[in-house]
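Reviewing the structure listed below.
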Amino acid sequence: GNTANITQEIVNVSAVNITQEIVNVSAVNITQDLIEDNQEEYKIMQELNNTKEIKDEDKIDEPHVVDHEVSECKHEKEYLDKMNLINQLNEVIVSKNEEIACKDEDLNQIKEKISQKETEYDTLMQDYNRKDQEIAEMKLKLEEYEKFKYNCTQKEAELENLKIKCEDYDVLKRNYEEKQLENVQLTKKYEDAVKRATTPISPAKKTEELDFYKNQLAIKETEFEEIMKNYTELLEMQVAKYATLNEECCTAKKHLANLEIAFTDVHQKYERSKAIVEGYKTNEEKLNSTLLMYQATLGKCEEKMRMLQQNHQIENERLQKQLDQAKEDYASKITKYTSKIKHLEIKTSSLTNALEQKTKECQDLTKLCEEVTDK
């Protein structure tokens, strides 16, 4: 799962780099297209200026004969061709405006990709914060483990004290065995005394010895009973305490083993999460740097687009003015040519009438000549 996250981060970084390259390439293509458009518009404007110069020269050098009318018709055809070029120029302008709109759509798509990358960056930051929380929880568990380890050391110290007390128990046991030996010796002495008592001895001595031995035996028995009572009580207390401490020691050892296993797991998870967090930090730095570069390049591209749109708008307005001027010139030319055509029609009608009169006069003269020759 960690390797999958790291590979996903690498893929995201590569995607950001690819989108940055796409933006750069698209910006370069846009600038190249606009430069080519400006070059085409410049060529068309040069052709229009050339046509205007030709028309001005034609206006200066107009002859006042029929050949002049023919040349004007030729120039009118050239003018119509130039008007067709102007229409083509308008079509080119419209197509370039459409291309600019397409480029704006591409920029909007790129901005959407940037927003997607920012959301992915936010998710990565959330994962990073979650990992920090897990690390804090692991640190708390480590502190609890240290406390438990300290308690285990205290329990071990208590066990050592218990062992010392067990040694004291051994001392008491030895004392008990010594007392048993003394008791055996006293019983032997008592038996000896009984044997001596069975021997013929004066009754006074016998009673004195018996009383003495009875007193000694009673004293020893009371001492022995007190010692045995204290010993049994102490022994029971020590055995119960030893059993409880032994149980606590066993449970503490089990908990210690479980905690050691958990500690190893936590330590391994801590190391893994530490490596993952370092990877997240490096990816975060890379993403921040690429995002800053991308924002800078996007700002430059937007500035270039604004400049190019302004230049294109200015050039379009200038061409529109020239087109309106050319249309006005064309309308004035058409009115002028219509007036000239009417003038020529009047002239041709007058010439036809004069020609008819001349033909009639020639016919009359031929008739007169024929009559004269016949006579």
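Observations on the model:
- Gained length - Gln126 relative to Leu292, 0.36 nm times residue gap less alpha-carbon distance: 57.7 nm
- The calculated FRET efficiency for Gln116 paired with Ala262, based on their beta-carbon distance and R0 = 30 Å, is about 0.15.
- Measuring r between the beta carbons of Thr207 and Glu178 and using R0 = 30 Å, the FRET efficiency lands at 0.40.
- Once the Cβ-Cβ distance of Lys141 and Asn230 is raised to the sixth power relative to R0 = 41 Å, the FRET efficiency obtained is 0.25.
- Filtered trypsin sites (Lys or Arg not before Pro), the range 262-338: DSSP coil and at most 16 other beta carbons within 10 Å: none
- Per-residue 3J(HN,Hα) values for the range 229-238, derived from phi via the Karplus relation 6.51 cos²θ - 1.76 cosθ + 1.60 with θ = phi - 60°, read 5, 4, 5, 5, 4, 4, 5, 4, 4, 5 Hz in sequence order (x marks Gly and Pro).
- Derived scalar couplings ³J(HN,Hα) [the range 312-328; Karplus, 6.51 cos²θ - 1.76 cosθ + 1.60; whole Hz; x for Gly, Pro]: 5, 5, 4, 5, 5, 5, 5, 5, 5, 4, 4, 5, 5, 5, 5, 5, 4
- Extension gain from Met83 to Cys250, taking 0.36 nm per residue of separation minus the Cα-Cα distance: 49.5 nm
- Placing dummy labels 7 Å off each Cα toward the beta-carbon, the span from Gln363 to Glu284 is 11.4 nm.
Taken together, the values in this text are just the output of simple stated rules run on the coordinates, not laboratory data. As the structure is a prediction and not an experimental result, all values here were calculated from the model. Quick reminder, even Gly has a Cβ in these numbers, built from the backbone with ideal geometry, and neighbours come from all protein chains shown.
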